[in-house]
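The values are calculated or read from the model by the stated rules, or taken from the named source; none is laboratory data. Everything numeric here is computed off the predicted structure, so don't read it as measured data. Every residue, glycine as well, gets a Cβ built from its backbone with ideal geometry; the counts of neighbours run over all protein chains shown. Areas reflect the complete protein model, heavy atoms only, side chains present, ligands, DNA and RNA absent. Shrake-Rupley method; radii C 1.70, N 1.55, O 1.52, S 1.80 Å.
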Amino acid sequence: MFDIIVVGAGFAGAVIAERCANVLKKRVLLIEKRNHIGGNAYDCFDENGVMIHQYGPHIFHTNQKFIIDYLSAYTDWIEYQHHVVAFVDGNYVPVPFNLNSIAKIFPPPLARKYITLMLQHVGFGKRITILQR
Ligand SMILES: Cc1cc2nc3c(=O)[nH]c(=O)nc-3n(C[C@H](O)[C@H](O)[C@H](O)COP(=O)(O)OP(=O)(O)OC[C@H]3O[C@@H](n4cnc5c(N)ncnc54)[C@H](O)[C@@H]3O)c2cc1C
């Protein structure tokens, strides 16, 4: 007999089921139609021993320490960094577009002019939408 039935063992269902069991001390039945937990964030090893994300690449990111602390009880971490760049006129340019992108794309005097204008009109560290015409 169960107090609670949770359907789906993705992030949402797995966490709710764990919290109900461990915090609320309920008897929980977690039902999953796939043959694994983790939902769309599931990863596994392919036939060559390479870890893959079966349903598409997932990157974990949070600025909440309690989330990292919670997950650390269930996983080890692999440090990872990625840089998103666009290849423009022979240069790798930071994306999303920012002041460094301007400095990379335009000749120094023009870049300085554009950056000064951007800082005057938008301000440092502000985010704006660049509309296409
Ligand atoms: C290609 C792709 C890339 C993504 N990249 C990122 C990323 O980089 N970073 C990030 O934070 N998020 C990413 N996401 C989003 C992330 O996958 C979801 O936010 C997260 O998986 C949602 O978790 P969930 O538990 O709500 O749902 P799901 O992960 O979808 O889990 C739901 C589970 O319920 C099961 N289920 C559904 N119906 C039933 C049923 N009737 N009976 C039994 N079981 C059932 C499903 O089989 C599944 O396992 C990405 C998603 C995709 C598709």
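Quick one: what are the phi-derived ³J(HN,Hα) couplings along the stretch 62-68, Karplus 6.51/-1.76/1.60 with θ = phi - 60°, whole Hz, x for glycine and proline?
7, 10, 9, 4, 5, 6, 4
Sort the following peptides by mean Cβ neighbour count (other Cβ atoms within 10 Å, averaged over residues), highest first: 98-111, 64-77, 37-50.
The packing order, highest mean first, is 98-111, 37-50, 64-77.
For the chain, take the longest principal axis of its alpha carbons; what is the angle in degrees between that and the long axis of helix 108-121, to the nearest 10 within 0 to 90?
60
Taking the solvent-accessible surface of protein heavy atoms with a 1.4 Å probe, what is the per residue accessible area of the chain in Å²?
Roughly 86 Å² per residue, with all protein chains present.
Based on the Cα gyration tensor of the chain, what are the three equivalent ellipsoid semi-axes, each the root of five times an eigenvalue, rounded to whole Å and given largest first?
Equivalent-ellipsoid dimensions as semi-axes: 46, 20, 13 Å.
When the accessible area of the chain is split by element with a 1.4 Å probe, what percent falls to carbon and sulfur?
Ligands and nucleic acids excluded, carbon and sulfur give 60 percent.
How far is helix 11-22 tilted, in degrees, relative to the longest principal axis of the Cα atoms in the chain, given as a value from 0 to 90 rounded to the nearest 10?
Result, in degrees: 40.
Any idea what the relative contact order of the chain is, in percent, if you count C-alpha pairs under 8 Å spaced at least 6 apart?
On the way: 118 pairs, mean separation 15.8, N = 133.
Value for the chain: 12 percent.
Rg (Å, one decimal) plus Dmax (Å, integer) for the alpha carbons of the stretch 4-72?
Spelled out, the Cα radius of gyration and Dmax of the stretch 4-72 are 14.0, 42 Å.
Put +1 on the Cβ of each Lys and Arg and -1 on the Cβ of each Asp and Glu in the stretch 1-90; which of Gly10, Ile31, Gln81 then has its Cα farthest toward the positive end of the dipole?
Ile31
Quick check on the stretch 46-97: what are the equivalent-ellipsoid semi-axes from the Cα gyration tensor, as sqrt(5λ), descending, whole Å? Don't skip to the end; give the middle numbers.
Numbers: eigenvalues 166, 76, 16 Å².
After scaling each eigenvalue by five and taking roots: 29, 20, 9 Å.
Test of understanding: in a Gaussian network model of the chain with alpha carbons linked when under 10 Å, which of Glu32, Glu79, Glu18 would top the mean-square fluctuation ranking?
Maximum among the listed residues: Glu79.
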